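The values are calculated or read from the model by the stated rules, or taken from the named source; none is laboratory data. The model shown is predicted, which means the values in this text are computed figures rather than measured ones. All Cβ positions, glycine included, derive from the backbone under ideal geometry; neighbour counts span all protein chains shown. Heads up: the accessible areas ignore ligands, DNA and RNA and are worked out on the full protein's heavy atoms, side chains in. Shrake-Rupley method; radii C 1.70, N 1.55, O 1.52, S 1.80 Å.
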Amino acid sequence: MLKPNVHYADLKESYLFAGIAKKTKQYLEEHPGQKLYRLGIGDVSQPLCPAVIEALYAAVEDQSRPETFQGYLPECGAPFLREAVAAHYARRGVTLSPDEVFVSSGASDELGDILDLFDRSVPALVIEPAYPAYVDANVIAGREIIHLASGEENGFLPEPPRTVRSKLIYLCSPNNPTGAVFSREQLRQWVDHANATGSVILFDAAYEAYIEDDALPRSILELDGAKTCAIEICSLSKTAGFTGTRLGYTVVPQALSRDGMSFNAMWVRNRTTKTNGVSSVIQKGGAAVFTPEGQRQIKEQIAVYKKNAAVLTGALDRLGIWYTGGKNAPYVWLKCPGGMGSWEFFDYLLHEIQVVGTPGEGFGACGEGYFRFSTFGSPADTEEAAKRICRLLQ
Ligand code: PLP
């Protein structure tokens, strides 16, 4: 009898988004026609920018003519896009060779697939509250998980543990769900810890485009010593609205090796075995993001979400509610008022003012008592939600 991967049975039921959907559906059934103000979504609401759309149309046209038709592209990414990403890093002072950049279909795919590079005996360290995929991908792989709780006392940005065991360390900055961003000094401690213990950091930079404070690192690769201990996983989902179009990139430095094995060479071998790459049309569309016009246009889009963030944090400031995020991140993470639990606060907002957010407890036990607002909704709904929150909680 074939034996299945029994670790699937160890996965906890993903009740967070299912629970939100169930509760909102029930509310709407009981209150037909009521409008909800959704601050829970992790998906963007603005369309792809004109520079990308133009490049996509041109790329589709290319596929219609024999002389420009594109068949298989290199599995690790089209050279033009790998070069465009490397040039983007160079403008921020990080020198990369294009062969250190791997084009992907998005960060989620990479966060799971990259585990192929590491022995199962190596535990994964996950700072909680965390993006749920970190834990689940490692449960499926049968890997031990070290849960490192964070909280208000360290601004949800904990220091590395004192243990010397080598591990696979997940860092997400700007963080989902907390919106917290590691300072250069804090990140330095993690880089030093990883190099000292032989660990590897998987740095999830899905929200780097939201950092507006130039003193904060947008990439872990800005730090000396990071190339010997870190892989950076990036996405155009929230940077440029590619959540449905699917495109990202992963940087595996040439200098990263353990036991004489190069992770870059291993990842080339992995990609050339397990994928035939990302659609040429999408890669051409994605390359437009890195042009001066594309950069200008995506900054305008991000500014819309930033304005939403300012509206929400302004309301919380007036109410005297503790929060992190919002300024350099698209998420605002707040302490539920009056000692309410995460789901209790969820129900209170839904039933009293029709505002839907995300209970912090769904991102790990230490998220209990906290709540996440997303800034990806429409400005009009965000304004109205903020007004209702002020009226309810003042
Ligand atoms: N990493 C984090 C922290 C995220 O919040 C998300 C999506 O919400 C992802 C990765 C996945 O991004 P992608 O759309 O590129 O798969």
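Things worth noting here:
- Estimated distance in nm for a label pair at Ser97 and Arg120, the labels positioned 7 Å out from Cα along Cα-to-Cβ: 3.4 nm
- A simple charge model with +1 on the Cβ of Lys and Arg, -1 on the Cβ of Asp and Glu and nothing else charged puts the dipole of segment 316-394 at about 260 debye relative to its Cα centre.
- Per-pair calculated FRET efficiency, R0 = 35 Å: Lys3 and Asp347 via Cβ, rounded to 0.05: 0.25
- Computed over protein heavy atoms with a 1.4 Å probe, the accessible surface of the chain works out to 44 Å² per residue.
- Exposed loop sites here are chymotrypsin sites (Phe, Trp or Tyr not before Pro) assigned a DSSP state other than H, G, I, E or B and surrounded by at most 15 other beta carbons within 10 Å; excluding them, the longest clear run of the chain is 73-321.
- Aspartates and glutamates whose Cα lies under 20 Å from that of Lys307, excluding same-chain neighbours fewer than 8 positions away: Asp43, Glu208, Glu212, Asp213, Asp214, Asp317, Asp381, Glu383, Glu384
- Segment 116-232 - Debye-derived log10 I(q)/I(0), Cα point model, q = 0.11, 0.14, 0.18, 0.22 Å⁻¹: -0.32, -0.53, -0.91, -1.39
- Of all lysines in the structure, those lying under 22 Å Cα to Cα from Lys227, and not within fewer than 8 positions of it along the same chain, are Lys167.
- 27 Å Cα-Cα reach of Lys3 towards lysines, excluding residues that sit fewer than 8 places from it in its own chain: Lys12, Lys274
- Average projection area in nm² (convex hull over Cα atoms of the chain, one quarter of hull surface): 22.0 nm²
- Estimated FRET transfer efficiency when R0 is 22 angstrom, pair Glu300-Gln63 (beta carbons, to 0.05): 0.15
- Estimated distance in nm for a label pair at Asp10 and Lys307, the labels positioned 7 Å out from Cα along Cα-to-Cβ: 4.8 nm
- Convex hull volume of segment 9-114 per residue (C-alpha atoms, cubic angstrom): 240 Å³
- Cα-centred dipole magnitude for segment 189-346, charges only on beta-carbon of K, R (+1) and D, E (-1), debye, nearest 20: 540 debye
- Each Lys and Arg adds +1 at its Cβ and each Asp and Glu adds -1 at its Cβ; summed about the Cα centre, the chain shows a dipole of about 140 debye.
- Descending principal axes extents, segment 54-204, alpha-carbon based, whole Å: 59, 35, 28
- Of all accessible heavy-atom area on the chain, the percent that carbon and sulfur account for (1.4 Å): 54 percent
- Cβ-based charge dipole, the chain, positive-most Cα from Ala265, Ala194, Ser150: Ser150
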